[in-house]
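A.B. asks: Attaching a single structure in structure tokens format; questions to follow.
The values are calculated or read from the model by the stated rules, or taken from the named source; none is laboratory data. Predicted model only: the values in this text are computed from it and were never measured. Backbone-built Cβ (ideal geometry, glycine too); neighbour counts: all protein chains shown. Side chains included, ligands, DNA and RNA excluded: accessible areas come from the protein's heavy atoms. Shrake-Rupley method; radii C 1.70, N 1.55, O 1.52, S 1.80 Å.
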Amino acid sequence: MPTLFETFSASANAIPGILQELTAAYSNKPDRWAEIQHRYQSMQSQLWAGFARASVDGKPCAIVAPQADDKRFRDPAWNALPFFDFMKQSYLLAANGFNELIESAELDPIRKKQVAFHAQQYLDAVAPSNFLATNPEALQLALETRGESIARGMENLSQDTERGRISMSDESGFEVGKNLAITPGAVIFENDYLQLIQYAPLTTQVYKRPLLIVPPFINKYYILDLQPENSFVRYALECGYQVFIISWRNTPPEMGGATWDDYIEHGVFKAMAVARAIAGADKLNVLGFCIGGTLVSTALAVQRAKKRNPASSLTLLTTMLDFADTGAISVYVDDDYVEQCALKYASGGVMSGADLASSFASLRANELTWYFVVNNYLKGQTPRAFDLLHWNADSANLPGALYAYYIRNMYRENNLKEAGKLTMCKVAIDLGKVDMPAYLLASREDHIVPWQSAYASTRLLSGEIEFVLAASGHIAGVINPASKGKRNFWKNNNVPADPEAWMGAAESVAGSWWGHWSEWLAGHAGKKIAAPGELGGKGYSPIEAAPGRYVKALA
């Protein structure tokens with residue numbers, strides 16, 4: 001996927017073509033074009049007249065206001081002087097007019113989505129808040145600090161240029177193994193693909209069947225083990241589960257040819273076998289997060305095709321199995337991009353995790369890019385230490401072969417949902433054969449896995465389904481500690497075909513979904529036994545203390 005710079009450059013370069021395309025789209029209804037243009041020009045004229053009066057009496061004229069969730073212009077400084085108020089309102093009028101032209105245009109829905117995305121990237125980038133001369137907050141701070149804020153901003157820019165990315169968190173505030181990923185445990189198995197971590201129990205008794213967590217390989221596993229107060233891993237241990245987690249290797253160049261099948265066989269299958277052997281359990285409970293959920297679902301489909309049934313239950317967190325609607329990311333994944341990936345990674349190669357992270361950030365550019373440009377460079381401030389954003393910047397590379405396969409077969413062609421369409425590990429797979437009880441969690445404001453797309457998995461898996469919808473987004477909806485009592489989730493024991501029908505009858509429950517999940521999982525975890533006194537066993541010995549070496553390798 002393109003980097004942030006490439007995304008903005010492409011969006012800026014796309015503007016002339018977008019205007020031509022919009023002109024052609026309105027050729028059959030010029031009156032509508034004229035109506036939008038006339039309204040825009042009329043409002044700009046009113047704004048200019050109001051600015052002229054405000055320059056005399058100091059009272060700006062309110063023609064347009066930012067949306068309620070737009071944080072760029074909340075500071076009173078944007079209203080204090082007529083010039084800055086004029087710049088703000090003129091920009092908003094232009095952005096609204098441009099977006100109205102796109103929304104009203106007769107374009108193919110997919111093309112309209114792409115046009116809207118590139119236009120929005122450009123509009124976000126040229127906002128007056130992003131430039132020192134037109135940002136009253138940054139100018140005021142420069143006056144108050146006698147230019148020191150500008151000097152610090154230039155220093156921040158220089159440091160970020162060396163890093164190759166925009167700092168979103170004070171990176172000096174965290175260190176993996178020191179104050180992140182510190183739940184006690186040990187690496188008890190490793191190969192070229194993964195390290196498998198077993199955690200020390202926190203209760204005197206534990207459930208017999210272990211819990212294996214399969215995180216996404218796009219990022220590091222410790223999103224599920226940030227700090228003790230928000231660690232999902234620690235919570236599961238406190239509930240009495242024996243927890244194992246995969247720490248995926250940060251792909252080196254020599255492994256660029258690794259395939260989806262390799263990650264099933266040498267990753268998921270091996271981790272399942274080791275966890276079951278150490279626990280001495282007939283079955284285990286498996287949890288997959290995001291693309292880790294897609295991977296583990298395909299692994300279980302392979303097992304069922306081979307008449308094996310190693311899992312007592314399946315938990316999927318913000319996971320897509322039906323890729324009919326891939327949300328905002330679909331603007332990148334077209335036929336040309338898929339073919340480019342196929343050619344680029346035909347002989348291996350590594351997909352840059354930093355590029356992926358930049359592309360995901362571009363989907364919420366104001367929050368994840370321009371806010372930090374303004375804060376770090378225009379205002380010369382250091383971003384606060386935030387564990388989630390520290391993790392977000394700690395990206396991991398992917399095998400190019402795996403990435404090209406995933407983009408084509410899941411995102412572009414949506415082959416996974418078709419029974420028998422894909423062959424993995426030498427067998428045709430059918431998600432309908434994945435028949436163990438399943439707990440499916442989606443997040444209502446998820447821009448990466450739309451919750452309706454996650455809900456579509458209820459029609460593909462054939463076991464008893466528990467679908468739960470968390471508040472917030474892709475990460476914050478998942479990482480919502482039960483002890484803090486924040487947000488809410490929705491539950492509904494019925495699973496109709498229509499996700500909106502499910503939502504219409506769902507019950508809102510205050511707090512985190514973690515407790516609800518733990519109660520559900522207890523019914524599939526077997527009997528309670530005495531907690532093991534040491535880690536490893538059955539031929540597997542601790543290799544090194546958690547979090548291990550793999551998670552510390554930089555992309």
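A.B. asks: On the basis of being open to solvent by less than 40 Å² (accessible area, probe 1.4 Å) and either touching a residue at least 24 places away in the same chain (Cβ under 8 Å) or closer than 30 Å to L461 by Cβ (or both), does A361 make the cut?
C.D. replies: yes
A.B. asks: Could you tell me which residue of segment 451-465 is most open to solvent (accessible area, probe 1.4 Å), considering only residues that are out of contact with any Lys or Arg (no Cβ under 8 Å at 6 or more places or on another chain) and closer than 20 Å to N309 by Cα?
C.D. replies: Checked segment 451-465; the qualifying residue most open to solvent (accessible area, probe 1.4 Å) is E464.
A.B. asks: Here is a follow-up. Just give me the residues in segment 165-180 being within 20 Å of the chain's Cα centre (by Cα) and open to solvent by less than 30 Å² (accessible area, probe 1.4 Å), in sequence order.
C.D. replies: Answer for segment 165-180, where residues must be within 20 Å of the chain's Cα centre (by Cα) and open to solvent by less than 30 Å² (accessible area, probe 1.4 Å): S167, M168, S169, L180.
A.B. asks: For the condition aliphatic (A, V, I, L, M) and surrounded by fewer than 17 Cβ atoms within 10 Å (Cβ to Cβ), what is the one hit in A186, A133, A142?
C.D. replies: A133
A.B. asks: Also: Somewhere in segment 26-38, is a residue buried (at least 17 other Cβ atoms within 10 Å of the Cβ), more than 25 Å from R412 (Cβ to Cβ), touching a Lys or Arg at 6+ places or on another chain (Cβ under 9 Å) and modelled with pLDDT under 90?
C.D. replies: There is at least one residue in segment 26-38 that is buried (at least 17 other Cβ atoms within 10 Å of the Cβ), more than 25 Å from R412 (Cβ to Cβ), touching a Lys or Arg at 6+ places or on another chain (Cβ under 9 Å) and modelled with pLDDT under 90.
A.B. asks: Report yes if some residue within segment 188-196 is assigned to a loop (DSSP other than H, G, I, E, B) and either closer than 13 Å to G548 by Cα or at pLDDT below 95 (or both); otherwise report no.
C.D. replies: For segment 188-196, residues assigned to a loop (DSSP other than H, G, I, E, B) and either closer than 13 Å to G548 by Cα or at pLDDT below 95 (or both): present.
A.B. asks: Can you work out which of the residues in segment 258-278 that are in contact with a Gly (Cβ under 9 Å, 6 or more places away or on another chain) and not β-branched (V, I, T) is surrounded by the most Cβ atoms within 10 Å (Cβ to Cβ)?
C.D. replies: A258
A.B. asks: Name the pairs whose Cβ atoms lie under 8 Å apart, with the first residue in segment 434-461 and over 16 Å from W490 (Cα atoms), the second in a helix (DSSP H, G or I) and basic (K, R), and 6 or more positions between them or separate chains?
C.D. replies: Going by the 8 Å Cβ cut-off, the qualifying pairs are V434/R304; D435/R304.
A.B. asks: Here's another thing I want to ask about it. Before we move on, is K344 of a type outside the set (G, A, S) and surrounded by fewer than 20 Cβ atoms within 10 Å (Cβ to Cβ)?
C.D. replies: Spelling it out, K344 is indeed of a type outside the set (G, A, S) and surrounded by fewer than 20 Cβ atoms within 10 Å (Cβ to Cβ).
A.B. asks: Give me the strands (runs of 3 or more DSSP E) completely within segment 198-259, filtered to those with at least 3 residues that are closer than 17 Å to A181 by Cα and β-branched (V, I, T), ordered by residue number.
C.D. replies: 243-248
A.B. asks: Under 9 Å by Cβ, and 6 or more places apart or on different chains, what pairs join a residue from segment 503-522 that is free of Cβ contacts under 8 Å to residues at least 12 places away in the same chain and within 18 Å of I479 (Cβ to Cβ) with one that is of a type in the set (D, E, K, R) and open to solvent by 40 Å² or more (accessible area, probe 1.4 Å)?
C.D. replies: Taking only residues 6 or more apart or on different chains, not a single pair turns up.
A.B. asks: Next question. Residues of segment 473-521 being under 29 Å from P210 (Cα atoms), of a type in the set (G, A, S), assigned to a helix (DSSP H, G or I) and modelled with pLDDT of 95 or more, which ones?
C.D. replies: Of everything in segment 473-521, those that are under 29 Å from P210 (Cα atoms), of a type in the set (G, A, S), assigned to a helix (DSSP H, G or I) and modelled with pLDDT of 95 or more turn out to be G515, S518.
A.B. asks: Residue check: is A299 farther than 20 Å from F217 by Cα and either buried (at least 24 other Cβ atoms within 10 Å of the Cβ) or touching a helix residue (DSSP H, G or I) at 6+ places or on another chain (Cβ under 6 Å) (or both)?
C.D. replies: no
A.B. asks: Go through (1) buried (at least 18 other Cβ atoms within 10 Å of the Cβ); (2) without any contact (Cβ under 8 Å) to a residue 60 or more places away in the chain for K426 and report which single condition fails.
C.D. replies: Of the numbered conditions (1) buried (at least 18 other Cβ atoms within 10 Å of the Cβ); (2) without any contact (Cβ under 8 Å) to a residue 60 or more places away in the chain, the odd one out for K426 is (1).
A.B. asks: Select, from N375, N392, N366, the only residue that is closer than 24 Å to Y221 by Cβ, out of contact with any Leu (no Cβ under 6 Å at 6 or more places or on another chain) and either open to solvent by less than 10 Å² (accessible area, probe 1.4 Å) or part of a helix (DSSP H, G or I) (or both).
C.D. replies: Going through N375, N392, N366 in turn, just one is closer than 24 Å to Y221 by Cβ, out of contact with any Leu (no Cβ under 6 Å at 6 or more places or on another chain) and either open to solvent by less than 10 Å² (accessible area, probe 1.4 Å) or part of a helix (DSSP H, G or I) (or both): N392.
A.B. asks: Next question, about the same structure. Does segment 58-100 hold any residues that are in a helix (DSSP H, G or I), surrounded by fewer than 17 Cβ atoms within 10 Å (Cβ to Cβ) and of a type in the set (D, E, K, R), and which are they?
C.D. replies: Hit for segment 58-100 is E100, nothing else.
A.B. asks: Name the residues in segment 438-450 that are closer than 20 Å to P215 by Cβ and either hydrophobic (A, V, I, L, M, F, W, C) or open to solvent by 20 Å² or more (accessible area, probe 1.4 Å) (or both), would you?
C.D. replies: Filtering segment 438-450 for residues closer than 20 Å to P215 by Cβ gives 438-443, 446-449.
Passing the criteria: A438, L440, L441, A442, H447, I448, V449.
A.B. asks: Note down all Cβ pairs under 8 Å where the first residue falls in segment 396-418 and is in a loop (DSSP other than H, G, I, E, B), the second is surrounded by 18 or more Cβ atoms within 10 Å (Cβ to Cβ) and aromatic (F, W, Y), and they're at least six residues apart or on different chains.
C.D. replies: Listed by first residue and then by second, the contacts come to A396/F217; A396/W248; N414/F323; L416/F323; K417/F323.
A.B. asks: Continuing with the same structure: Does segment 112-125 contain at least one residue that is outside any helix (DSSP H, G or I) and at negative phi? I'd like the intermediate steps shown before the answer.
C.D. replies: We begin by selecting, within segment 112-125, every residue outside any helix (DSSP H, G or I); these are none.
No, because not a single residue in segment 112-125 is outside any helix (DSSP H, G or I) and at negative phi.
A.B. asks: Also: Restricting to segment 192-215, and then to whatever is open to solvent by 10 Å² or more (accessible area, probe 1.4 Å) and in contact with a helix residue (DSSP H, G or I) (Cβ under 6 Å, 6 or more places away or on another chain), can you tell me which residue is farthest from Q242 (Cα to Cα)?
C.D. replies: Per the criteria, the residue is Y193.
A.B. asks: Sticking with this one: Go through (1) touching a helix residue (DSSP H, G or I) at 6+ places or on another chain (Cβ under 7 Å); (2) over 24 Å from I291 (Cα atoms); (3) of a type in the set (K, R) one by one and return the number of the condition R444 breaks.
C.D. replies: (2)
A.B. asks: Consider C290 against the criteria (1) open to solvent by less than 10 Å² (accessible area, probe 1.4 Å); (2) within 21 Å of I223 (Cβ to Cβ); (3) out of contact with any strand residue (DSSP E or B) (no Cβ under 6 Å at 6 or more places or on another chain); (4) of a type outside the set (S, T, Y): it satisfies all of them except one. Which criterion is unmet?
C.D. replies: All conditions pass for C290, except number (1).
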